[in-house]
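Structure first, commentary second.
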């Protein structure tokens, strides 16, 4: 059985909640929630993303909102504790969800070997 999460573990700003509600009105009825996931990589050592999911597994944590659920597997949850998900729309067509308050997990800037602006070192700018 999935665990119920609370806002001390993960929060969504009012703007993010509103956008999620809008998106869930447009998806098929079998969609159970939006899954937040982590993958290795990036300057912080972990990259985060979101996708719609049609299944909630026994090892998932669920944060329920009015009209949608946020689903996080137990392997990803430790990396997201205290994180705030926001939705930013600057009006130029580049609207996106952003993850605020991410913990520094990996080596940080300069450790991934990517290059920024032709200079050696980290790709974080």
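The values are calculated or read from the model by the stated rules, or taken from the named source; none is laboratory data. Keep in mind that what you see is a predicted model, and the values were worked out from it rather than measured. Positions of Cβ are generated from backbone atoms using ideal geometry, with glycine treated the same way; all protein chains shown enter the neighbour counts.
Miscellaneous remarks
- A residue that is over 12 Å from residue 80 (Cβ atoms) and part of a helix (DSSP H, G or I) occurs somewhere in the stretch 24-44.
- Restricting attention to the stretch 17-33, the residues being under 11 Å from residue 65 (Cα atoms) and in contact with a strand residue (DSSP E or B) (Cβ under 7 Å, 6 or more places away or on another chain) number 4.
- Answer residue from the stretch 45-99, given it is closer than 14 Å to residue 31 by Cβ and assigned to a loop (DSSP other than H, G, I, E, B) and is modelled with the lowest pLDDT among those: 67
- Complete set of residues in the stretch 6-31 that are surrounded by 12 or more Cβ atoms within 10 Å (Cβ to Cβ) and under 15 Å from the mean Cα position of the chain (by Cα): 9, 10, 11, 12, 13, 15, 16, 17, 19, 20
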